[in-house]
Amino acid sequence: ELKVEQNPLFLSMQEGKNYTIYCNYSTTSDRLYWYRQDPGKSLESLFVLLSNGAVKQEGRLMASLDTKARLSTLHITAAVHDLSATYFCAVGGSRLTFGEGTQLTVNP
Amino acid sequence: DVKVTQSSRYLVKRTGEKVFLECVQDMDHENMFWYRQDPGLGLRLIYFSYDVKMKEKGDIPEGYSVSREKKERFSLILESASTNQTSMYLCASSPERGYTEAFFGQGTRLTVV
């Protein structure tokens, strides 16, 4: 059974700081997805990582995938308040298994 | 843009009622999914479908059934709603089998009283 674990589950950080969210998964997969969810809203796709060593960047967010370590990271650079949201990673082939989510709060 | 539309944003139902949650996607996607989202548990897959009239159980199918009579529509049915089915329900679709970037609807917050 595929298990996906994120850490931390809660992250409170100051504006301007850097931090990394980790996503570990239990079985081999070469596809990993990151989603963002704002309070009361649905999930929005952020990144699709399709191979070992893949790196994608959008604004202050950068995601990477190491399939050998079964690990993906979502790095936040110089955080701003607008990044406050819950971030999910998901792994799978024809169906996705999601992590528990990381609730990020960026404080002024 | 892909649009996945769920019929209701909020629903309140009584214990024992039969509940229908409807989901429609407009991009001719093959795959459709129903998840429930609960605090601390992330998203858990209830049922999914790769094609019309096809359905597969996800991780937590008990107490639920689904119907996919048309490609664009995937319905989740709670045969006899119970309070432990109070949750946020999210529908998603993805283009084809094996390619699973999923696009989500806005969610239905169901409260069973």
Span per principal axis, largest first, for the Cα atoms of chain B (Å): 37, 26, 24
The protein assembly as shown - Rg (one decimal) and Dmax (whole number), Cα, Å: 17.5, 51
Buried area at the A-B interface (accessible, heavy atoms, 1.4 Å probe, summed, Å²): 1700
Share of carbon and sulfur in the accessible heavy-atom surface of segment A:14-92 [1.4 Å probe, %]: 48
Residue-wise HN-Hα coupling along segment B:4-16, computed from phi with Karplus coefficients 6.51, -1.76, 1.60 (Hz; x: Gly, Pro): 10, 10, 9, 5, 9, 8, 9, 9, 10, 10, 8, 3, x
Amide hydrogen neighbours beyond the local backbone of residue A:84, cut-off 5 Å, H modeled: A:106
5 angstrom amide H check on residue A:31, placed H, neighbours 5+ away: A:92
Chain A - share of DSSP beta bridges that are antiparallel (%, nearest 5): 90
Reachable lysines from residue A:56, criterion Cα separation under 27 angstrom, eight or more residues apart if same chain: A:3, A:17, A:41, A:68, B:3
Share of carbon and sulfur in the accessible heavy-atom surface of segment B:4-112 [1.4 Å probe, %]: 48
For segment B:23-29, 3J(HN,Hα) per residue [Karplus equation, 6.51 cos²θ - 1.76 cosθ + 1.60, θ = phi - 60°, Hz, x = Gly/Pro]: 9, 10, 10, 10, 10, 6, 6
Average projected area [Cα convex hull, segment B:1-61], square nanometres: 5.6
Number of partner chain Cβ atoms within 10 Å, mean per residue of A:89-96: 6
Reciprocal of mean inverse Cα separation for chain A (Kirkwood radius, Å): 13.8
Per residue accessible area in Å² of segment A:1-66, where ligands, DNA and RNA are left out and the probe is 1.4 Å: 57
Per residue accessible area in Å² of segment B:43-113, where ligands, DNA and RNA are left out and the probe is 1.4 Å: 43
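The values are calculated or read from the model by the stated rules, or taken from the named source; none is laboratory data. Only a predicted model underlies this, so the values are computations on that prediction, with no experimental measurement involved. Neighbour counts run over all protein chains shown; Cβ positions are idealised from the backbone, glycine included. Surface accessibility is based on the protein's heavy atoms, side chains included, excluding ligands, DNA and RNA. Shrake-Rupley method; radii C 1.70, N 1.55, O 1.52, S 1.80 Å.
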